[in-house]
Amino acid sequence: MAETLKVAMPKGRIYKKASALFRQAGLPIPLDVDETRKLVIPLPEAGMEFILAKPVDVPTYVEYGVADIGIVGKDVLIEEDKDVYELLDLGIARCRMSVIGLPDWTPGIRQRVATKYPNTASRYFREQGQQVEVVKLNGSIELAPLIGLADRIVDMVETGQTLRENGLVEMNSIFEITSRLVANRVSYRMKNSEIQALCDRLQKVIYTGEVLK
Ligand code: PRP
């Protein structure tokens, strides 16, 4: 008998895209799962259990094996650097990590960069040979250059609307981001047939756009 797959799903903007992809791959996932306040959702017909997690915590749940697999953005994978297998690029929630600033920015003596991604930002500026002080914030990062907390920010750009509305410009793109399917190393061996079957279905959907039964 097939074993239940515990899936760490990111709450919020990626959830709808990820669950739509699962449905397209033929998995019976109800439409309203993310509208409840329940955090553990048994989905016996799909052979799964969803754990609705804060996106940044998904790799932690998977690394510790409390979730067998998870869906997480490449931005979080790079920042968190957890010990998980990256199985598949799902091609959803496409955006990019960028350096952003005011249009009249010029390099000063003391440069401060605000970001939700301190490891990513520190590594990037080190590789560029630039000495900067990185300030960690938890959201509304675009505020920092507007009110003088930082000269520049490192943040995600999707449509560019947040930048435009705040009079900021994208200076450099650091890397492209999409959501990835990741697996716990032990689960990948112990539940290999279930995980492989899911990967095969998702891959078919991603590459052909087919809707599977
Ligand atoms: C993210 C990101 C940008 C914005 C980019 O913020 O940090 O602010 O989306 O999207 P856009 O290019 O389509 O405007 P999010 O909405 O996750 O909220 P946050 O301020 O809490 O980080």
(request) Output the residue which, of all residues in region 40-71 that are assigned to a helix (DSSP H, G or I) and hydrophobic (A, V, I, L, M, F, W, C), is surrounded by the fewest Cβ atoms within 10 Å (Cβ to Cβ). (result) 56
(request) Among the residues of region 187-213, write down those that are over 22 Å from the mean Cα position of the chain (by Cα) and either within 30 Å of residue 120 (Cα to Cα) or at pLDDT 95 or above (or both). (result) 189, 190, 191, 192, 193, 194, 197
(request) Would you point out the residue of region 162-186, among those that are in contact with a strand residue (DSSP E or B) (Cβ under 9 Å, 6 or more places away or on another chain) and of a type in the set (Asp, Glu), that is nearest to the ligand (Cβ to nearest atom)? (result) 170
(request) Residues being among the β-branched types (Val, Ile, Thr) and in contact (Cβ under 8 Å) with a residue 60 or more places away in the chain: count how many of those fall in region 16-68. (result) 3
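Do the conditions hold for residue 78, that is, is it surrounded by fewer than 18 Cβ atoms within 10 Å (Cβ to Cβ) and part of a helix (DSSP H, G or I)? Before the answer, list the steps.
Values: surrounded by fewer than 18 Cβ atoms within 10 Å (Cβ to Cβ): yes; part of a helix (DSSP H, G or I): yes.
Criteria met by residue 78.
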(request) Examine region 156-172 for a residue that is hydroxyl-bearing (Ser, Thr, Tyr) and closer than 30 Å to residue 5 by Cβ, and state whether such a residue exists. (result) no
(request) Select from region 142-161 the residues that are within 6 Å of the ligand (Cβ to nearest atom) and acidic (Asp, Glu) and write down the one among them that is surrounded by the most Cβ atoms within 10 Å (Cβ to Cβ). (result) 155
(request) Output the residues belonging to region 103-148 that are within 23 Å of the chain's Cα centre (by Cα), within 20 Å of residue 165 (Cβ to Cβ) and of a type in the set (D, E, K, R). (result) 116, 142
(message) Pairs please, first residue from region 154-176 and not assigned by TED's automatic domain parsing to the domain that holds residue 79, second anywhere and near the ligand (Cβ under 10 Å from one of its atoms) and in a helix (DSSP H, G or I), Cβ atoms under 7 Å, 6+ apart in sequence or on different chains.
(response) 156/75; 157/163; 169/163; 170/163
(request) State whether the residues of region 127-134 include one that is surrounded by 13 or more Cβ atoms within 10 Å (Cβ to Cβ), farther than 30 Å from residue 195 by Cβ and within 15 Å of the ligand (Cβ to nearest atom). (result) no
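Given the residues 120, 115, which is the only one that is away from the ligand (no atom under 11 Å from the Cβ) and outside the structural domain of residue 11 (by TED's automatic domain parsing)?
120
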(request) Could you figure out which of (1) more than 14 Å from the ligand (Cβ to nearest atom); (2) within 21 Å of the chain's Cα centre (by Cα); (3) not assigned by TED's automatic domain parsing to the domain that holds residue 50 isn't true of residue 84? (result) (3)
(message) Can you tell me which of (1) more than 24 Å from residue 177 (Cα to Cα); (2) assigned by TED's automatic domain parsing to the domain that holds residue 194 is the one residue 104 doesn't meet?
(response) (2)
(message) Please verify whether residue 93 is at pLDDT 95 or above, more than 30 Å from residue 205 (Cα to Cα) and surrounded by 19 or more Cβ atoms within 10 Å (Cβ to Cβ), treating the condition exactly as stated.
(response) no
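The values are calculated or read from the model by the stated rules, or taken from the named source; none is laboratory data. Quick caveat: nothing in here was measured; it's all calculated off a predicted structure. Using ideal geometry, Cβ is built from the backbone for each residue, glycine included, and neighbour counts are taken over all protein chains shown.
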